[in-house]
Amino acid sequence: MMQGGGMRPGIIVLREGTDTSQGKAQLVSNINACQAVADIVRSTLGPRGMDKLIFDGRKVTISNDGATIMKLLEIAHPAAKTLVDISMSQDAEVGDGTTSVVLIAGEILKVLKSFVEEGVHPQVIMRSVREAGKLAVEKVQELSVPFDLTTPEGEQMLIKTASTALNSKLISSHKDLFSPMIVEAVKCLNDAGSIDDMSSLVAIKKIPGGDVRQSFLVKGVAFKKTFSYAGFEQMTKKFTNPKVLLLNVELELKSEKENAEVRITDPEQYQSIVDAEWQVIYDKLDACVDCGANIVLSKLPIGDLATQYFADRGLFCAGRVEDSDLKRVGRATGGTVQTSTNGLFDGILGTCGVFEERQVGDERFNIFEECPMSLTSTIVLRGGSEQFIAESERSVHDALMVVKRSLKSAAVVAGGGAIEMEVSKFLKEHALTIEGKGQLIINSFAKALEVVPRQLCENAGFDSTDLLSALRRKHAQSEDGKWFGIEITEGGICDTFEAGVWEPSDNKCNSIAAATEAACVILSIDETVVNPKSQDPGAAGGMPAGNGQKPLSNMMGNAMDTANAAQGGSRSGNLGNGVSYMRGRGG
């Protein structure tokens, strides 16, 4: 410390060029960044939401799925990435509501920005926001309507939740085809107690061409015909009650390595070596036939010799089958994947009711149906363009997740903004019972929830002010008005529960909880530090040039200068650290 009241010397802790911002200004800046992200996906919400076309330099994606858009945007702002995280977690946990969770989080931050600007401490705001979020989740759980899955009414409820999830998608006009298909696939897993393995047991295959109404569900396994050798045409393409052998073995004649050395004393010994190579592959093929299998599938290649061998004996074979497809065939047929052809017995073979190779569009598909283990399902999607089929796949995935979540929670709430309006009314009433700044903050949180019905109106082209006023009045006046939401078709309000717009209660609980947490994370940041990237490529990992040693780049530059000067060439000059000198052939 300097004596005599002098100034202290400045201490530089961070790297030169580091950008630091703190205090109220950077907190407001973070909130503005989150609002900008929310504004991007705002127009995609609901049945009348618009799509976004995103081109990343290689492929075009057309989607209105919030999680897909957020993932493809490659958001650079460090605070705004929080909204990407909650959107992805909502997609993984529930499947639907990825846009609304970003909207709610953005709106909560928007209404709280005025408190930050007026100097209210972030911890005071966060305490009230957490309380409001907890009360909102409890109210959703209280309002949810349970249903019995074993009754026909329960199955209809599942179909309606799937239809609601598909309402805002490109294939919304075909939900009468896809909803029963999706419910049937998920119910099979639920009955077998394997619903948690849905991602590996339910496959979605895409075939360009044809009409979307030609999409179908296979209660079993279907995968595209793999690469095949000569002799494949002679194989039997249909079996009833076949035995299925699953292998992770290469059935191909392999020559010795190039560097292999075999010393012989008699030319006849060479023939015995060749015969031994052939005998190895024939022993494997004989073992496959002798075990009684009718169908042989392998993850590794099945060569032309093996293909012809099996065709001559009336067997069907396919090599290079994808690992996920092979595992699903094993789960469906009861077979076990073998890593050797030695000791094959009847217990490791799978079976199914019908196997058939069928033409679907321009592709041929291997289809296993009437499997003893009714776990696996395959949804085959058709459509005119690649982008349409890709969006259809994302839509079906969302609906599958929603039905799975409905089966687990066994409770639903009404959609169309009804549940948000009812929770908003409840929070406004609760705010009147408390004192201090918390009353204003909880009241603002309640107002933020109204963003969902408001955005539904705006995306459909209706006047949001009139419709929200009508909704507030209906929810406040009578107990029967708790399920009233936006009627998209005519531009009014209606009982969305009666209209069949149902969503799993877990969807709304997860949305509100995730949005609340994201808002609190943004509010808790009091300083943002952005480190600059190093300008010298070798600076991060290189050793410091200490003890009188010159940096390696300078030493190489000097050596190159000396060599060029000796040959009468020009010197390189000082190119700087990390830059090497090269003289071209033509120069």
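Of the solvent-accessible surface of the range 251-351, computed with a 1.4 Å probe over protein heavy atoms with every protein chain present, carbon and sulfur atoms account for 47 percent. For residue 51, the shell of other residues with beta-carbons less than 14 Å away shows a net charge of +3, using +1 for Lys and Arg and -1 for Asp and Glu.
222 nm [θ] for the chain, helices only, -39500 (n - 2.57) per DSSP H run of 4+, per residue, to 500?
-15000 deg cm²/dmol
If both residues of a DSSP beta bridge must be in the chain, then about 70% of such bridges are antiparallel. Among residues other than residue 160 with Cβ under 13 Å from its Cβ, the summed charge is -4 (Lys and Arg +1, Asp and Glu -1).
In order along the range 505-522, the Karplus-derived 3J(HN,Hα) couplings, from 6.51 cos²θ - 1.76 cosθ + 1.60 at θ = phi - 60°, round to 4, 4, 4, 5, 4, 5, 4, 5, 5, 5, 5, 5, 4, 4, 4, 5, 4, 5 Hz, and Gly and Pro are given as x. Amide H to amide H distances under 5 Å link residue 243 with 294, 295, where only residues 5 or more positions off or on other chains count and H is placed in the peptide plane. Label reach from residue 312 (point 7 Å along Cα→C-beta): in the range 205-241, amide nitrogens under 16 Å belong to 230-236. For the range 146-212, which whole percent of the accessible surface, found with a 1.4 angstrom probe, sits on carbon and sulfur atoms? Using a 1.4 Å probe with all protein chains present, the range 146-212 comes out at 50 percent carbon and sulfur. Distant-in-sequence amide contacts of residue 376, defined by a placed amide H-H separation under 5 Å and a gap of 5 or more residues or a different chain, comprise nothing.
Over the chain, accessible surface divided per residue gives 51 Å², non-protein components excluded, 1.4 Å probe.
Using a cutoff of 8 angstrom between alpha carbon atoms and counting only pairs six or more residues apart, the relative contact order for the chain works out to 23 percent. If R0 equals 35 Å, the separation of the Cβ atoms of residue 72 and residue 525 corresponds to a calculated FRET efficiency of about 0.85.
Which one of 419, 366, 289 is farthest out on the positive end of the charge dipole of the chain, using unit charges on Cβ (Lys, Arg +1; Asp, Glu -1) and the Cα centre as origin? The residue sitting most towards the positive pole is 419.
Charges on Cβ only, +1 for Lys and Arg, -1 for Asp and Glu, centred on the Cα centroid of the chain; of 465, 161, 529, which one is farthest towards the dipole's positive end? Most positive-ward Cα: 529. Rounded to the nearest Å, what's the spacing between the alpha carbon centres of the range 68-129 and the range 332-374? Just the number, please. Taking the Cα centre of the range 332-374 as reference, the centre of the range 68-129 is 47 Å away. A simple rule links phi to the HN-Hα coupling: the Karplus curve 6.51 cos²θ - 1.76 cosθ + 1.60 with θ = phi - 60°, which for the range 379-395 gives 9, 9, 9, 10, x, x, 10, 4, 5, 5, 5, 5, 5, 4, 4, 5, 5 Hz, with x for Gly and Pro. For 134, 425, 508, the ranking by accessible surface with the largest value first comes to 134, 425, 508, using a 1.4 Å probe.
If you bin all the Cα-Cα distances of the chain at 10 Å, starting from zero, the percentages per bin are 3, 13, 18, 16, 14, 14, 12, 7, 2, 1, 0.
The values are calculated or read from the model by the stated rules, or taken from the named source; none is laboratory data. These numbers come from a predicted model, not from an experiment. So basically every Cβ, Gly included, is an ideal-geometry build from the backbone, and we count neighbours across all protein chains shown. The area values use the complete protein model at the heavy-atom level, side chains included, leaving out ligands, DNA and RNA. Shrake-Rupley method; radii C 1.70, N 1.55, O 1.52, S 1.80 Å.
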